[in-house]
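Here's the structure we're looking at; comments come further down.
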């Protein structure tokens with residue numbers, strides 16, 4: 001949950017993530033010169049187009065003869081937000097204040113996220129200063145704070161106002177500082193030879209395009225994939241942080257992006273995300289469905305785990321189909337750290353696609369509680385504090401359940417339909433325009 005918990009629980013239902021979005025031919029030919037100049041062996045078949053963000057007032061919609069925007073924002077009153085008054089808003093305030101600490105020192109004129117339509121650092125810092133004066137634990141004061149400083153906007157995509165919400169958690173593994181017959185699965189630190197390239201520095205049209213690789217014989221090439229790493233590509237570099245006793249548990253920790261390791265003496269070490277190899281993420285659940293091993297409706301984390309344990313040889317091949325690989329670092333805090341660089345708060349932190357939603361903003365989540373019969377609503381104020389390579393789309397979220405078996409059980413089966421409302425500074429004047 002780190003530079004964004006690059007992969008998440010709920011992965012078994014997620015389609016494989018493409019490296020880049022499709023580009024039209026004229027754009028593609030323009031970009032070829034840049035890619036050849038960089039000597040990048042990335043084989044892109046498409047260029048990335050900038051996101052269209054269209055804020056709307058409640059009464060008006062913009063009509064234009066162009067591709068529909070991927071995210072629309074419709075202003076609603078707080079009285080129209082489902083379940084708003086039933087929440088204890090003070091429980092979201094600590095998470096919001098943690099996000100505020102990441103704004104200090106940034107240029108006041110800098111946009112929060114990809115568009116200034118959601119405010120500048122200056123707009124948000126003034127709200128953060130007001131948040132510090134709210135009495136801790138006072139729900140009435142917290143609710144008044146959010147209502148008086150923000151306006152609520154319902155998020156709408158071309159598919160409508162609903163999206164998919166999954167869950168993730170912090171798992172516990174068993175490990176040791178040195179390898180033994182039992183502890184034989186290494187957990188790796190980030191290699192020094194891994195290089196990230198921001199293509200936006202070469203062309204504005206590629207602003208959100210990033211690739212990861214390494215230099216080999218003077219050429220920039222893709223980094224080692226999961227199978228290559230697990231068969232020795234990084235041997236001899238002393239990158240092993242520690243060793244765990246179960247390859248399946250290690251794989252699922254990669255999916256989560258963090259974990260606690262229990263050592264033989266009873267002590268615990270917390271590991272957090274420190275980068276990935278840049279290879280595309282493949283949902284192994286989809287692979288099982290495609291192979292006819294499982295039905296789509298039966299795919300859950302517990303089901304996949306049980307199948308892997310029963311079929312260890314086939315499980316190894318299945319895990320290698322997901323070429324993405326995560327690197328870790330030792331954390332000293334009391335909880336996992338999200339992509340924004342702050343400790344996540346169980347039940348109040350949400351991973352989002354920051355292409356559409358800036359990290360740090362409050363979001364009203366309106367979905368259902370997995371595993372409840374009949375389904376109960378899950379409505380509460382959360383803060384966008386994390387990302388993930390499988391978390392893609394204008395209405396897409398990954399709910400952080402926390403640590404432990406109960407959190408894991410919820411995260412493992414969460415695949416809910418829902419919607420969310422973005423809370424943006426009341427001082428903003430969002431006009432009916434298309435960017």
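Does the stretch 85-115 hold any residues that are touching a strand residue (DSSP E or B) at 6+ places or on another chain (Cβ under 7 Å) and crowded, with 19+ Cβ neighbours inside 10 Å, and which are they?
87, 89, 92, 95, 96, 98, 99, 112
Does residue 316 fit the bill of being at pLDDT 95 or above and at negative phi?
So residue 316 passes the test.
Can you pull out every residue in the stretch 152-163 that is in contact (Cβ under 8 Å) with a residue 24 or more places away in the chain, in a strand (DSSP E or B) and out of contact with any strand residue (DSSP E or B) (no Cβ under 6 Å at 6 or more places or on another chain)?
Hit for the stretch 152-163 is 157, nothing else.
Quick one: count up the residues across the stretch 349-375 that are farther than 14 Å from residue 165 by Cβ and touching a strand residue (DSSP E or B) at 6+ places or on another chain (Cβ under 6 Å).
4
Could you go through the stretch 116-132 and let me know if any residue there is farther than 24 Å from residue 158 by Cβ, assigned to a loop (DSSP other than H, G, I, E, B) and at pLDDT 95 or above.
Within the stretch 116-132, one or more residues are farther than 24 Å from residue 158 by Cβ, assigned to a loop (DSSP other than H, G, I, E, B) and at pLDDT 95 or above.
Go over the candidates 301, 319 one by one and state the one that is surrounded by 15 or more Cβ atoms within 10 Å (Cβ to Cβ) and more than 20 Å from the chain's Cα centre (by Cα).
319
Consider residue 229 carefully, then state whether it is surrounded by 18 or more Cβ atoms within 10 Å (Cβ to Cβ) and in a helix (DSSP H, G or I).
Answer is yes for this residue.
Which of the following residues is under 23 Å from residue 159 (Cα atoms) and buried (at least 18 other Cβ atoms within 10 Å of the Cβ): 377, 382, 417, 352?
352
Could we say that residue 346 is farther than 28 Å from residue 99 by Cβ, touching a strand residue (DSSP E or B) at 6+ places or on another chain (Cβ under 9 Å) and surrounded by fewer than 22 Cβ atoms within 10 Å (Cβ to Cβ) here?
Considered against the rule, which asks whether it is farther than 28 Å from residue 99 by Cβ, touching a strand residue (DSSP E or B) at 6+ places or on another chain (Cβ under 9 Å) and surrounded by fewer than 22 Cβ atoms within 10 Å (Cβ to Cβ), residue 346 comes out as no.
Restricting the search to the stretch 247-265, which residues are over 25 Å from the mean Cα position of the chain (by Cα) and touching a residue at least 60 places away in the same chain (Cβ under 8 Å)?
Within the stretch 247-265, 262, 263, 264 qualify.
Conditions (1) exposed (fewer than 15 other Cβ atoms within 10 Å of the Cβ); (2) in contact with a helix residue (DSSP H, G or I) (Cβ under 9 Å, 6 or more places away or on another chain), marked per residue:
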site	(1), (2)
117	no, no
122	no, no
137	yes, yes
148	yes, yes
153	no, no
166	no, yes
169	no, yes
183	no, no
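Just give me the residues in the stretch 82-99 being assigned to a loop (DSSP other than H, G, I, E, B) and either within 22 Å of the chain's Cα centre (by Cα) or over 24 Å from residue 136 (Cα atoms) (or both), in sequence order.
Passing the criteria: 82, 92.
Return yes or no: is residue 188 modelled with pLDDT of 95 or more, in the same structural domain as residue 242 (by TED's automatic domain parsing), in contact with a helix residue (DSSP H, G or I) (Cβ under 8 Å, 6 or more places away or on another chain) and assigned to a loop (DSSP other than H, G, I, E, B)?
For residue 188, the condition - modelled with pLDDT of 95 or more, in the same structural domain as residue 242 (by TED's automatic domain parsing), in contact with a helix residue (DSSP H, G or I) (Cβ under 8 Å, 6 or more places away or on another chain) and assigned to a loop (DSSP other than H, G, I, E, B) - is not met.
Restricting attention to the stretch 232-271, and to residues there that are in a helix (DSSP H, G or I) and touching a helix residue (DSSP H, G or I) at 6+ places or on another chain (Cβ under 6 Å), which single residue is farthest from residue 282 (Cα to Cα)?
248
The values are calculated or read from the model by the stated rules, or taken from the named source; none is laboratory data. What you see is a predicted model; the values in this text were computed from it and never measured. Cβ sites come from the backbone with ideal geometry, for glycine too, and all protein chains shown count toward neighbours.
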